[in-house]
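The values are calculated or read from the model by the stated rules, or taken from the named source; none is laboratory data. Being a predicted model, the structure only gives us computed values, none of them experimental. When we count neighbours, we look across all protein chains shown, and the Cβ atoms used for this are built from the backbone with ideal geometry, even at glycine.
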Amino acid sequence: MKRILSRPLIALATAGHIGLLGGAFLFQLAGYAPCAMCLWQRWPHGAAIVLGVIALSGVTPRLLALGAGLAALVTSGLGFFHAGVEQGWWQGPSSCSGDGGGLAGLSGADLLSTEVTDTVVMCDDIVWQFGLTMAGWNGVLSLGLAVLWVVAARRPEA
């Protein structure tokens, strides 16, 4: 039985991150504004995509695959933590959950500003759910991608 080389697995994992990040942007275009924690979860996806593209060019693919796997674990952890905040299992950051810190964190200029965003989403609000919340799905799918990255790092290079 022939083993699958690392290059196709790296391409698959990179495509997975592109899909998850692209899906987040599509939800945003559909009117689901992201909260602060949603935005935090996007950065590791971007890092994994960059590392995957560089690895596909042949530059230290094993090391880069491990780095991308770490990025996938970070966004997975953020997703699971965010899902717990949404479910009320634990407290989220005071800046984006509960009362959002109230007016105490605002300056006089902030209070008088007419530049108000249309939609402010708190991190403990569930804006979409299909079995799991978006954050929960990110946690599960990103954990799967982390496993795929580790498998890719352990395979022979093309």
Those residues of the range 59-70 which are of a type in the set (Gly, Ala, Ser) and in contact (Cβ under 8 Å) with a residue 40 or more places away in the chain, in sequence order: Ala65, Ala68, Gly69
Residue in the range 74-90 that is farthest from Cys123 (Cα to Cα), counting only those that are among the small types (Gly, Ala, Ser) and in contact with a helix residue (DSSP H, G or I) (Cβ under 6 Å, 6 or more places away or on another chain): Ser76
Complete set of residues in the range 10-45 that are among the aliphatic types (A, V, I, L, M) and buried (at least 21 other Cβ atoms within 10 Å of the Cβ): Ile10, Ala13, Leu20, Met37
Selected residue (criterion: nearest to Gln28 (Cα to Cα)) from residues of the range 46-58 that are touching a residue at least 40 places away in the same chain (Cβ under 8 Å) and buried (at least 24 other Cβ atoms within 10 Å of the Cβ): Ala48
Output for the range 117-131, where each listed residue is under 19 Å from Ala33 (Cβ atoms) and either at pLDDT 95 or above or part of a loop (DSSP other than H, G, I, E, B) (or both): Thr117, Asp118, Thr119, Val120, Val121, Met122, Cys123, Asp124, Asp125, Ile126, Val127, Trp128
Test: residue in the range 141-157 that is of a type outside the set (Asp, Glu), modelled with pLDDT under 95, in a loop (DSSP other than H, G, I, E, B) and over 30 Å from Val53 (Cα atoms): no
Residue in the range 103-116 that is among the aliphatic types (A, V, I, L, M), modelled with pLDDT under 95 and under 27 Å from Trp128 (Cα atoms) present: yes
The range 1-37 - residue that is in a helix (DSSP H, G or I) and in contact with a Cys (Cβ under 8 Å, 6 or more places away or on another chain) and, of those, nearest to Gly84 (Cα to Cα): Met37
Which numbered condition Ile54 fails, given (1) at pLDDT below 95; (2) over 18 Å from the mean Cα position of the chain (by Cα): (1)
